[in-house]
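**Q** Take a look at the following structure, please.
The values are calculated or read from the model by the stated rules, or taken from the named source; none is laboratory data. Computed from a predicted structure; not experimentally measured. Quick reminder, even Gly has a Cβ in these numbers, built from the backbone with ideal geometry, and neighbours come from all protein chains shown.
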Amino acid sequence: NAGVTQTPKFQVLKTGQSMTLQCAQDMNHNSMYWYRQDPGMGLRLIYYSASEGTTDKGEVPNGYNVSRLNKREFSLRLESAAPSQTSVYFCASSEARGTVSSNYGYTFGSGTRLTVV
Amino acid sequence: RKEVEQDPGPFNVPEGATVAFNCTYSNSASQSFFWYRQDCRKEPKLLMSVYSSGNEDGRFTAQLNRASQYISLLIRDSKLSDSATYLCVVNRKYDYKLSFGAGTTVTVRA
């Protein structure tokens, strides 16, 4: 089915370990995003990529890095995991492009539940 | 101040009832508005866009009040399947990034 695919779905890390969350979309969308969702906080933007070859910080980028590998794939890396990074991570994509006002909704992946102990 | 604020609820309503709730946004430059639905432990899914003149999609009606900077969602004839968290979402002109509210939880009981 067309959409956004995230892997893995679940992960437990020890403090200090590193890992990469993978995201791929097959809708030919230009823009991709990584959010984290914590109870009572709503979705908070970590990083986004407006188009292939560009990435920008969102609200909560500290402790994360991203790579827009190509138009389809946008990965999120935790270099040294901390308990504060325990969260549900969602990748999303949209058609938004250039300076056109974004009236496009997002399509989300099913999420990665990450626990750092 | 958060960019998008919502009453977290929960709103507990019987089947067939009407339930309505609002969200407020702080940035007057906000241009696009949406309601998303999120089921427990699932990803958010677009429910409907919100247009300046207000719009309906079946049993769902969305309204936008730019002067007071709030958006509303009304659900008529509630179904058990409407139980979910509803996220209010806005974005600014020429901005790729959507801002999400923390969500309003609705529980429809039999």
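**Q** Against the conditions (1) surrounded by fewer than 20 Cβ atoms within 10 Å (Cβ to Cβ); (2) in contact with a Ser or Thr (Cβ under 7 Å, 6 or more places away or on another chain); (3) within 9 Å of chain A (Cβ to nearest Cβ), where does B:V4 fall short? Just the number, please.
**A** The number of the failed condition is (1).
**Q** Next question. Would you tally the residues in the range A:93-116 being out of contact with any Pro (no Cβ under 7 Å at 6 or more places or on another chain), modelled with pLDDT of 95 or more and more than 9 Å from every other protein chain (Cβ to nearest Cβ)?
**A** Matching residues across the range A:93-116 total 2.
**Q** Continuing with the same structure: Based on what the data block shows, is B:A29 in contact (Cβ under 8 Å) with a residue 40 or more places away in the chain and either within 17 Å of B:T105 (Cα to Cα) or under 13 Å from the mean Cα position of the chain (by Cα) (or both)?
**A** no
**Q** In chain B, which strands (runs of 3 or more DSSP E) lie fully inside it and hold 2 or more residues that are within 21 Å of A:S87 (Cα to Cα) and aliphatic (A, V, I, L, M)?
**A** B:84-92
**Q** Check the range B:46-61 and report whether any residue there is within 14 Å of another protein chain (Cβ to nearest Cβ), within 26 Å of A:K9 (Cα to Cα) and surrounded by 19 or more Cβ atoms within 10 Å (Cβ to Cβ).
**A** yes
**Q** On the given criteria, is B:E15 at pLDDT 95 or above and at negative phi?
**A** Yes; evaluated as a whole, the condition is true for this residue.
**Q** Now for a separate question. Take the range A:21-41 and flag every residue that is closer than 20 Å to B:F100 by Cβ, touching a strand residue (DSSP E or B) at 6+ places or on another chain (Cβ under 7 Å) and either among the polar types (S, T, N, Q) or not in a strand (DSSP E or B) (or both).
**A** Within the range A:21-41, A:Q25, A:H29, A:S31, A:Q37 meet the criteria.
**Q** Separate question: When you scan the range A:42-92, how many residues do you find that are in contact (Cβ under 8 Å) with a residue 60 or more places away in the chain and either part of a strand (DSSP E or B) or within 14 Å of another protein chain (Cβ to nearest Cβ) (or both)?
**A** First, pick out the residues of the range A:42-92 that are in contact (Cβ under 8 Å) with a residue 60 or more places away in the chain: A:78-83, A:89-92.
Then keep just the ones that are either part of a strand (DSSP E or B) or within 14 Å of another protein chain (Cβ to nearest Cβ) (or both); that gives A:78, A:89-92.
Total satisfying the criteria: 5.
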